[in-house]
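Structure record follows, encoded as structure tokens.
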Amino acid sequence: MTNSVLDPWEVNEADFPATGSTAEKLAFILNYAVMAPSGHNTQPWQFRLTDDCIELYADRTAALPVIDPEDRELTMSCGAALFNLRVALRYFGYKCDVQTFPKPNDSDLLAEVRLGPAREPSAEDKMLFAAIPKRRTNRNKFEDREVPEILLSELQVAAAQEGAWLHVIQRDDVRTAVADLIAEGDRQQWQDESFRRELASWTHSSRQMRRDGIPGYAKGVSETAAYAGPNVLRTFDMGNGEAAKDHEIAMASPALVVLGTDADTPAAWLAAGQALERILLRARAAGVWASYLNQPIEIPALRTQLSRLLDGFGYPQLLLRLGYGPDVRPTPRRRVSEVIIDVL
């Protein structure tokens, strides 16, 4: 194994310890859980291994109190990691039993995943598993190429399978209104010094050997901001520029979709995270990339306006753009050994 910050992405399925102990199998499968997406690449998850179980914990030390004061996005990130766990267990030939929020008095314990009896992976299991190491957040400009309606319908089914819904924005007037909300979200967030400081704390040079956060090459902000450094992010309000850029991106996106739930509770957020990862993996299997335009969901007043644009149905949780584009490098990840706690 190299000492690269990307080496968690280099896991080889051929190294699965098929004849090893249950603990060794579960630890290996965590390599796929840590590939899940998370806000600002905070990777807000920890795991505890017991005899036949992986316990998933929220790591509140990786919280984003400015843009995510209720840990809504943090919980969704953990849900995405949970979905990868489920897929990997099935791929390597095991049923799994998942119990969410098993201890009401421990809000950090989000799920218990128990290794079940042997079973053959399905074709879908194999497809989703193969997409895990290929999934990225792709912030590049997408091609002027439509995402097939049949795929969008399949993504809606994927969301429903996890207890969420996916609204595909079809009408031009609604798309324009959503793009306006995204731009307004940019302006409001960048005006807030606390927002700029939080973003700066998770943004770093591509040359740094950090295993979390947003490296410059990932283009988590505008190219100018990404390469200018944290001091510039903290100091300057780039809201107008970001608003104009993101408005254009939203209008030009081949597909603009909203992932939502009928409730707005931690359980719903965890379900939304699992739905998100199922959607992302299914899309990636079809060659489609995704990135996020969550600004209007991170500001309560704008989230209400977005909900009204969707006829007030449920609670918007994430706003995504989908399309075809060039390949991108993965972002750094912590090693499994860094996210396991209290190994028994």
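The values are calculated or read from the model by the stated rules, or taken from the named source; none is laboratory data. In this text the structure is predicted, and so the values were computed from the model without any measurement. Note that we place each Cβ from the backbone using ideal geometry, even for glycine, and neighbour counts take in every protein chain shown. What goes into the accessible areas is simple: the full protein's heavy atoms, side chains included, and nothing from ligands, DNA or RNA. Shrake-Rupley method; radii C 1.70, N 1.55, O 1.52, S 1.80 Å.
Residue separation times 0.36 nm, minus the C-alpha to C-alpha distance between D51 and V66: what's the value? Please list the in-between numbers first.
Working: separation 15, 0.36 × 15 = 5.40 nm, distance 3.81 nm.
Length difference between fully extended and current span is 1.6 nm.
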Counting only protein heavy atoms and using a 1.4 Å probe, what share of the accessible area of the range 98-159 belongs to carbon plus sulfur, as a whole percent?
49
Grab the Cα-Cα distance for E143 and T265, subtract it from 0.36 nm times how many residues apart they are, and report the gain in nm with one decimal.
40.3 nm
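So, R0 is 41 Å and r is the distance between the beta-carbons of A244 and Q99; what FRET efficiency does that work out to, to 0.05? If you can, show how the numbers build up before the last one.
Details: r = 47 Å, r/R0 = 1.14.
According to the calculation, E is roughly 0.30.
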Identify which of A27, A263, A123 has the largest mean-square fluctuation in a Gaussian network model of the chain, with springs joining Cα atoms closer than 10 Å.
A123
Got a sec to turn the phi values of the range 100-107 into Karplus ³J(HN,Hα) couplings, 6.51 cos²θ - 1.76 cosθ + 1.60 with θ = phi - 60°, whole Hz, x for Gly and Pro?
8, 6, x, 10, x, 8, 10, 6
Most mobile listed residue (P266, P254, P69) in the chain, GNM with C-alpha springs under 10 Å
P69
Of the accessible area of the range 279-344, with the probe set at 1.4 angstrom, what percent is carbon plus sulfur?
51
Would you grab the residues whose amide H sits under 5 Å from the one on G116? Only those 5+ places off in sequence or on another chain, please, with H modelled 1.01 Å from N.
K95, C96, D97
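Please identify every one of the GluC sites (Glu not before Pro) in the range 67-175 that sits in a loop by DSSP and has no more than 13 other beta carbons within 10 Å of its own beta carbon. Mind showing how you got there, number by number?
Values: sites: E70, E73, E112, E124, E143, E146, E149, E154, E162; in loops: E70, E143, E146, E162.
Filter output for the range 67-175: E70, E143, E146.
What ratio of Cα Rg to 2.2 N^0.38 Å holds for the range 78-135?
Working: Rg = 12.7 Å, N = 58, 2.2 N^0.38 = 10.3 Å.
Rounded to two decimals, the normalised Rg is 1.23.
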Between A275, A286, A14, which gets the highest mean-square fluctuation from a Gaussian network model of the chain, Cα cutoff 10 Å?
A14
Given the candidates I279, A131, W190, the one whose Cα lies deepest towards the positive end of the charge dipole of the chain, counting +1 at each Lys or Arg C-beta and -1 at each Asp or Glu C-beta, is A131
Taking R0 as 51 Å and r as the Cβ-Cβ distance between D173 and S122, the FRET efficiency 1/(1 + (r/R0)^6), rounded to the nearest 0.05, comes to 0.80
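Calculated FRET efficiency, R197 and N12, Cβ-Cβ r, R0 30 Å, to nearest 0.05? The partial results should precede the final answer.
On the way: r = 40 Å, r/R0 = 1.32.
For R0 = 30 Å, the calculated efficiency reads 0.15.
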Under 5 Å between amide hydrogens, which residues at least 5 positions from L318 or on another chain qualify, with H placed 1.01 Å from N in the peptide plane?
L259
Can you list the HN-Hα couplings for the range 89-97, worked out from phi with the Karplus curve (6.51, -1.76, 1.60; θ = phi - 60°), rounded to whole Hz and with x for Gly and Pro?
4, 5, 4, 7, x, 9, 6, 9, 10
Estimated vicinal HN-Hα couplings, Hz - the range 116-122 in sequence order (Karplus 6.51, -1.76, 1.60; Gly, Pro = x):
x, x, 5, 7, 7, x, 7
Counting only heavy atoms of protein chains, what accessible area per residue, in Å², does the chain have with a probe of 1.4 Å?
43
Under-5 Å amide H pairs with I214, H placed in peptide plane, nonlocal only:
T203, H204
If each DSSP helix of 4+ residues adds -39,500 (n - 2.57) and the sum is divided by the residues in the chain, what number results at 222 nm, nearest 500 deg cm²/dmol?
-13000 deg cm²/dmol
Considering the Cα positions of the chain, please state its Rg to one decimal place and its Dmax as a whole number of Å.
19.3, 58
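So how many Lys-Lys pairs in the chain land under 15 Å Cα to Cα, not counting same-chain pairs under 8 apart?
Working: K25/K95; K95/K126; K126/K134; K141/K219; K141/K245; K219/K245.
Number of lysine pairs found: 6.
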